[in-house]
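These notes concern the structure reproduced below.
Nothing in this text is a laboratory measurement; each read-out follows from the coordinates by a stated rule. Because the structure is predicted, anything quoted here is derived from the model rather than measured. Please note: Cβ atoms are built from the backbone with ideal geometry, for glycine as well, and neighbour counts cover all protein chains shown.
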């Protein structure tokens, strides 16, 4: 009797373990999918870079590079300050006795910093636009609209594209 029960348990364990093993994804297949995705992204990025180089003249590219560096230097202290305020906000909101006035005051500070970053980015955008011809402006503006459609709701990080 005991041997019958033991043999049935062993058979049941084999069936269960086979079912569990069958549900695991094939590692080679997962690796292959990741490699294919990476290859597609690399191809798309190189295509975008090629289009970028065709779109702007070398002088424009150099001027935009300079503008990007200046903007990055101007924005960096504000981004650092924003990160500090966000960390402070985390501290304020998770305190046992949260002070709503302090939370609201910190939110206002964060909004002010985000506004300053947005102003700097808008100035950069206008400087880049001033470098472009009429044809380039049309394409540049249409590409900006396409990019902004895909990046809704991302208010903590300002977009810096097309010259980035």
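Using r as the Cβ-Cβ distance of residue 95 and residue 72, and R0 as 41 Å, what FRET efficiency do you calculate, to the nearest 0.05?
Values: r = 34 Å, r/R0 = 0.84.
Efficiency, from the Cβ-Cβ distance: 0.75.
Sorting check: for 34-46, 83-95, which peptide has the highest mean count of neighbouring beta carbons within 10 Å, and how do the rest follow? All intermediate terms of the calculation are to be shown ahead of the outcome.
Details: 34-46: 10.0, 83-95: 13.3.
Put in order of decreasing packing, that is 83-95, 34-46.
Note down the nm distance, to one decimal, between modelled labels 7 Å out along Cα→Cβ at residue 12 and at residue 134.
8.3 nm
Taking the Cα of residue 57, stepping 7 Å toward and past its beta carbon, and measuring to each backbone N in the stretch 109-136: which are under 14 Å?
130-136
Considering every Cα-Cα pair within the stretch 72-141, what fraction, in whole percent, is farther apart than 20 Å?
Every Cα pair in the stretch 72-141 considered, those over 20 Å come to 48 percent.
What FRET efficiency do you get for residue 105 and residue 84 if R0 is 22 Å and r is their Cβ-Cβ distance, rounded to the nearest 0.05?
0.95
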